[in-house]
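Enquirer: Pasting a structure below so you can have a look.
The values are calculated or read from the model by the stated rules, or taken from the named source; none is laboratory data. Bear in mind the structure is a predicted one, so any value in this text is a computation, not a measurement. Note: ideal-geometry Cβ built from the backbone for every residue, glycine included; neighbour counts use all protein chains shown. Remember, those area values only see protein heavy atoms, side chains included, never the ligands or the DNA or RNA. Shrake-Rupley method; radii C 1.70, N 1.55, O 1.52, S 1.80 Å.
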Amino acid sequence: MPRILVVDDDAAILKLVSVILARVGHEVRTSTHPVEALDLLQVFIPELIISDVVMPYMTGLEFLEEVRKHERLAAVPFMLLSSHAERGDVRRGMNLGADDYLPKPFTPQDLTTAVDARLRRAGLSQQDGVSLEARALGTAQVVWKGENVQWVSRKALELFFYLLEQREVTSWEAAEALWPEKDETRASSLFHTTLHRLRKSLDNDAVGSSNRRYTLSPELAPEYDVQRFERLADQADHHRMGLEELRELVGLYGTFLPGVDSPWADDVRSRLEGRQLGILGMAARLAGETGKHKDAAQFYQRSLTIDPLNEADWSGLAKSLEQIDDPRARLAMRREAWWISDLD
C-alpha cells in the first residue's frame, strides 16, 4: 500500500486528512512540525508527501526545499495544501519542485481524487506496490495481491512465517520446530500436510524445494514488517536518531505472532523484545536530555511493561516523573507498577 506523510500544524486538518486517507487503505504518517517531519523522513520514505503551506517556524515551501536537498527524497511526489489567498505561494512551490496542490477547503472526494491521480502519475496506486505483505508485529496477517490470505489452516500460516524467519530449512527442521511434541514420523507427516495447505492458501509455487531443503519462492518478494523493524533498529544502533525517529520506530513494535505457541516463535519474541528495549532506552535518554521528561517517563514505562525487573528503568521512570511533579513518582520509587492506564 502506498505510504503517505502528511505535515500540518493544524491538528484538526491533520486528523481529517489522516482519517480520510486511512479509510481508503493508505498507510499514513503525520507530523505537526516540518523539522520533526525531516527527522521522520530519515527512516520513513513515503510515496507521497502532503504539506500545508503556512506553518510557523518553517513554511511548507521551506520544508519542500529541505526535502529536495536529499537525494533519496528528490523524486518523492510533493503536494501542497493551500487556501485561496496563498496562490502566489503555490506558484513558488511549483517552481521549487512541488508536483501538485489542493486548495482549501476540500471535500474527502477532492482529497482522495487528487491523491489517487498523483499516485497514478507516479506509477503507483492503492492496489500496486509489493504483491505480498507479511505482518507479524502485533498481528498475524498476510496480504497478497491486495487481499487478506484466507489460510486453509492456522499451522500453514505459522509455517509461512517460520520460512520467512529461517529462509531455508529441511523438512525435519521445520517439523521439529512446529511440532516438537510429536515423534519424527508424525511430525514429518504433519509438515508435508501443512506445506500442501500453505501452497493451497497462496500458490502452488509459493514454496520451492531443492535437495530436501525448502524456501519461499523469491518471486514472492514479501515486504516483512519484522525485517523493516530490525533494519531500522540497526540504523538506530549505528547512527544517532532524533527523538521523533525513535518514537516512530518504537511504534512499529508489537508482540510477534500473537496466539502462536511454539518455541521458535518464543525465540523470535525474545530477540525482538531485546531490540525494542534498546530502542526505548535510547528514546528515554534522549527525551530526558532534551527536557522532554513526560516523553521519557512514557518510554521508561513501556520498557517496564516488557521487563518489569529492570532497576535502571525504574530509576529513570521515578526521576522523570519527579521532573514533571507527577505524584506517581513515589510509586515508581517503591517499584509499584500501576499500569492501569498509560501516561497521558
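Enquirer: Among the residues of the stretch 318-336, what is the count of those that are over 28 Å from the mean Cα position of the chain (by Cα) and either open to solvent by less than 60 Å² (accessible area, probe 1.4 Å) or farther than 18 Å from Ala287 by Cα (or both)?
Expert: 13
Enquirer: When you scan the stretch 185-196, do you find a residue that is under 20 Å from Val260 (Cα atoms) and within 23 Å of the chain's Cα centre (by Cα), even just one?
Expert: Checked the stretch 185-196: no residue is under 20 Å from Val260 (Cα atoms) and within 23 Å of the chain's Cα centre (by Cα).
Enquirer: If Leu286 meets every condition in (1) buried (at least 18 other Cβ atoms within 10 Å of the Cβ); (2) over 25 Å from Val7 (Cα atoms) apart from one, which number is that one?
Expert: Of the numbered conditions (1) buried (at least 18 other Cβ atoms within 10 Å of the Cβ); (2) over 25 Å from Val7 (Cα atoms), the odd one out for Leu286 is (2).
Enquirer: Which residue out of Glu245, Glu273 is open to solvent by 30 Å² or more (accessible area, probe 1.4 Å) and either under 24 Å from Ser315 (Cβ atoms) or under 17 Å from the mean Cα position of the chain (by Cα) (or both)?
Expert: Glu273
Enquirer: Please enumerate the residues belonging to the stretch 195-242 that are farther than 15 Å from Glu168 by Cβ, of a type in the set (Gly, Ala, Ser), surrounded by 15 or more Cβ atoms within 10 Å (Cβ to Cβ) and in contact with a strand residue (DSSP E or B) (Cβ under 9 Å, 6 or more places away or on another chain).
Expert: Ser201
Enquirer: Identify, please: which residue in the stretch 167-187 is touching a residue at least 24 places away in the same chain (Cβ under 8 Å) and open to solvent by 40 Å² or more (accessible area, probe 1.4 Å) and is, among those, farthest from Leu272 (Cα to Cα)?
Expert: Here the residue is Pro180.
Enquirer: Okay, moving on. Consider Ala265 carefully, then state whether it is in contact (Cβ under 8 Å) with a residue 60 or more places away in the chain, touching a Phe, Trp or Tyr at 6+ places or on another chain (Cβ under 6 Å) and not in a loop (DSSP other than H, G, I, E, B).
Expert: no
Enquirer: Taking the residues in the stretch 248-260 that are hydrophobic (A, V, I, L, M, F, W, C) and either open to solvent by 10 Å² or more (accessible area, probe 1.4 Å) or outside any helix (DSSP H, G or I) (or both) as candidates, determine which candidate is farthest from His33 (Cα to Cα).
Expert: Among those residues, the one meeting the criterion is Val260.
Enquirer: Tell me the helices (runs of 4 or more DSSP H) entirely within the stretch 140-227 that contain at least 3 residues that are basic (Lys, Arg).
Expert: Those helices (runs of 4 or more DSSP H) span 184-201.
Enquirer: For the stretch 1-118, list the strands (runs of 3 or more DSSP E) that sit wholly inside it and hold at least 1 residues that are open to solvent by 60 Å² or more (accessible area, probe 1.4 Å) and without any contact (Cβ under 8 Å) to a residue 60 or more places away in the chain; which are they?
Expert: Passing ranges, in order: 27-31, 100-103.
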